[in-house]
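Please read the structure below before turning to the comments.
The values are calculated or read from the model by the stated rules, or taken from the named source; none is laboratory data. If you're wondering where the values come from, they're calculated on a predicted model, not measured in any experiment. For neighbour counting, all protein chains shown are included, and Cβ atoms are generated from backbone atoms with ideal geometry for every residue, glycine included. The area values use the complete protein model at the heavy-atom level, side chains included, leaving out ligands, DNA and RNA. Shrake-Rupley method; radii C 1.70, N 1.55, O 1.52, S 1.80 Å.
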Amino acid sequence: MVLAIGPVPMMEAVSKITKEFGIETIISLNAIMLDGTGMCGCCRVSVGGKTKFVCVDGPEFNAHDVDFDGLKKRQRYYLEQEKKSLELFIKEHKCKLEQ
């Protein structure tokens, strides 16, 4: 058995390798949780063709049942807003040592 926790691309790679060898693989998707109640839907993921909420149904899942393509797509959903927020944060919170 393999247990994996880390960035989604790493867990997907582990899943592909272990599936090829028939090794049971459990991954933890705790990093994608936001509120921990299932109300926000932020941690929604398809596992075995069924919609699951990581915070209430997991966070551990059989890696070979996780829809990694859907998960990666959801992670990119707010990418533009995240970039704008980071730019604004950097602009407003310049290091005082640099001034």
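Pairwise alpha-carbon distances in the chain exceed 18 Å for 54% of all pairs. At full extension, Phe89 and Arg76 could sit 2.7 nm farther apart than now, given 0.36 nm per residue minus the alpha carbon distance. If R0 is taken as 22 Å, the Cβ-Cβ distance between Asp35 and Met10 corresponds to a FRET efficiency of 0.35.
Phi angles across region 48-63 convert, under the Karplus curve 6.51 cos²θ - 1.76 cosθ + 1.60 with θ = phi - 60°, into 3J(HN,Hα) values of x, x, 10, 6, 10, 10, 4, 5, 10, 9, x, x, 8, 9, 5, 4 Hz, Gly and Pro given as x. Here Lys91 is the anchor, and the aspartates and glutamates within straight C-alpha reach of less than 19 Å, apart from those fewer than 8 places off in the same chain, are Glu80, Glu82.
In the chain, the calculated helix contribution to ellipticity at 222 nm averages -11500 deg cm²/dmol per residue, counting -39,500 (n - 2.57) for every DSSP H run with n ≥ 4. For a straight C-alpha distance cut-off of 17 angstrom, the lysines reachable from Lys73 (same-chain residues fewer than eight places away being disregarded) are Lys50, Lys52, Lys83. The antiparallel fraction among DSSP beta bridges confined to the chain stands at about 65%.
Evaluated over the Cα positions of region 35-85, the convex hull gives a direction-averaged projected area, one quarter of its surface, of 3.9 nm². Solvent-accessible area per residue in the chain equals 73 Å², computed with a 1.4 angstrom probe and all protein chains kept.
Residue ranking by accessible heavy-atom surface, 1.4 Å probe, largest first, among Leu86, Leu34 comes out as Leu34, Leu86.
Along the chain, the longest continuous region that contains none of the chymotrypsin sites (Phe, Trp or Tyr not before Pro) in a DSSP loop with at most 13 other C-beta atoms within 10 Å is 22-76. The portion of the accessible surface of region 14-99 made up by carbon and sulfur, rounded to a whole percent, is 54 (1.4 Å probe; DNA, RNA and ligands excluded).
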